[in-house]
1. Take residue 282 and decide whether it is within 16 Å of ligand 1 (Cβ to nearest atom), farther than 22 Å from residue 22 by Cα and touching a helix residue (DSSP H, G or I) at 6+ places or on another chain (Cβ under 6 Å).
2. Checking residue 148 against (1) outside any helix (DSSP H, G or I); (2) surrounded by fewer than 20 Cβ atoms within 10 Å (Cβ to Cβ): exactly one of these is not met. Which one?
3. Out of curiosity, is residue 137 surrounded by fewer than 22 Cβ atoms within 10 Å (Cβ to Cβ) and under 17 Å from residue 52 (Cβ atoms)?
4. Residue by residue through segment 319-356, note down the ones that are at pLDDT 85 or above, touching a helix residue (DSSP H, G or I) at 6+ places or on another chain (Cβ under 8 Å) and surrounded by fewer than 15 Cβ atoms within 10 Å (Cβ to Cβ).
5. Working carefully through the options 72, 118, find the one that is at pLDDT below 95, under 17 Å from residue 47 (Cα atoms) and out of contact with any strand residue (DSSP E or B) (no Cβ under 6 Å at 6 or more places or on another chain).
6. Kindly indicate which of 154, 176 is out of contact with any strand residue (DSSP E or B) (no Cβ under 6 Å at 6 or more places or on another chain) and surrounded by 19 or more Cβ atoms within 10 Å (Cβ to Cβ).
7. I'd like to verify a number: residues in segment 337-351 that are more than 18 Å from residue 149 (Cβ to Cβ) and more than 8 Å from ligand 1 (Cβ to nearest atom), how many?
8. Select, from 299, 241, 305, the only residue that is at negative phi, within 16 Å of ligand 1 (Cβ to nearest atom) and either under 22 Å from the mean Cα position of the chain (by Cα) or surrounded by fewer than 19 Cβ atoms within 10 Å (Cβ to Cβ) (or both).
Ligand code: SF4
Ligand code: SF4
């Protein structure tokens, strides 16, 4: 395992982090906790969770695992400023996470899911979440206040310049990095920890290995190339992987053990091949859920990625749509795209700022 300094915190964290958003929910708490302990035995010491992940069981699974996990390890969890909009609510949230995780303190507490400047301002307002987190820090309940963002590179950069937090968690991967690289480099140069989430673009890379052949080099698959990118880039401190099985952990750890780093030259080559396509791709993050018409927006938009990324024709998309309704990501879903009332809720929430309404209209035009 490679270990890296997390910014200026003095903490040495594993380059592969355990993202607790993809536990197998058919398994028991204890069975999933066993996966966490296995990761720790392979050298992983950074564990990231959040209230709500995996039907709100993720923090509890980690809590179970931490009961008898040897050695030093670091715990990261989160709270949204839109939900905990006062210092008191923020303190309550921290205490609740500590109790669920069964730890004395949270090492990295994230101001969670900043999608626009107003969210950041809400967290920072007098009497708001940040004030509560500072109090927790004084009382020894939090080591470091950090932040997760879904904004563009220059927007994240503005937050970094504010110097209120010590690290940043971003959805950055081999396909979308040009969109956020400015922030990654700036954070790295200024001594921030940089944690990357969603390294395989919600499963899109393993699913499209043929089209994305250029992401791997030598004997490497595109999926391995994508993992190597986030694990070995010096600018990225921790690459979060949403592990479900021990095999997933073995693969990521093998890549960390073997990997040769990406040079600036390699990064530039990939930048040219990828272009800016991923700026406008759906990552499957799910923040647009809760459509009042119950339209499964992430499923539709992930389907739309195929047109956008691989230049499928309208005819091909028509064919594919029939298939996905029957067998694919839209099978068994209620709430057809045609029910959209254009209320605008989903576009407000979208972490990628996508024109969801227009994409749904286009999908409807393929649905004959
Ligand atoms: S704009 Fe359409 S798809 Fe989006 S939330 Fe409103 S009804 Fe749902
Ligand atoms: S449409 Fe936007 S918010 Fe919804 S899943 Fe895709 S990227 Fe996330």
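The values are calculated or read from the model by the stated rules, or taken from the named source; none is laboratory data. What you see is a predicted model, and the numbers here were worked out from it, not measured in a lab. Cβ sites come from the backbone with ideal geometry, for glycine too, and all protein chains shown count toward neighbours.
1. Values: within 16 Å of ligand 1 (Cβ to nearest atom): yes; farther than 22 Å from residue 22 by Cα: no; touching a helix residue (DSSP H, G or I) at 6+ places or on another chain (Cβ under 6 Å): yes.
Judged against the criteria, residue 282 is not a match.
2. Result: residue 148 fails condition (2) only.
3. Details: surrounded by fewer than 22 Cβ atoms within 10 Å (Cβ to Cβ): yes; under 17 Å from residue 52 (Cβ atoms): no.
Against the criterion (surrounded by fewer than 22 Cβ atoms within 10 Å (Cβ to Cβ) and under 17 Å from residue 52 (Cβ atoms)), residue 137 does not qualify.
4. Across segment 319-356, the qualifying residues are 338, 342, 344, 355.
5. 72
6. On the way: 154 fails: surrounded by 19 or more Cβ atoms within 10 Å (Cβ to Cβ).
None of the others qualify; the one that does is 176.
7. 1
8. Working: 241 fails: within 16 Å of ligand 1 (Cβ to nearest atom); 305 fails: within 16 Å of ligand 1 (Cβ to nearest atom).
Exactly one residue qualifies, and that residue is 299.
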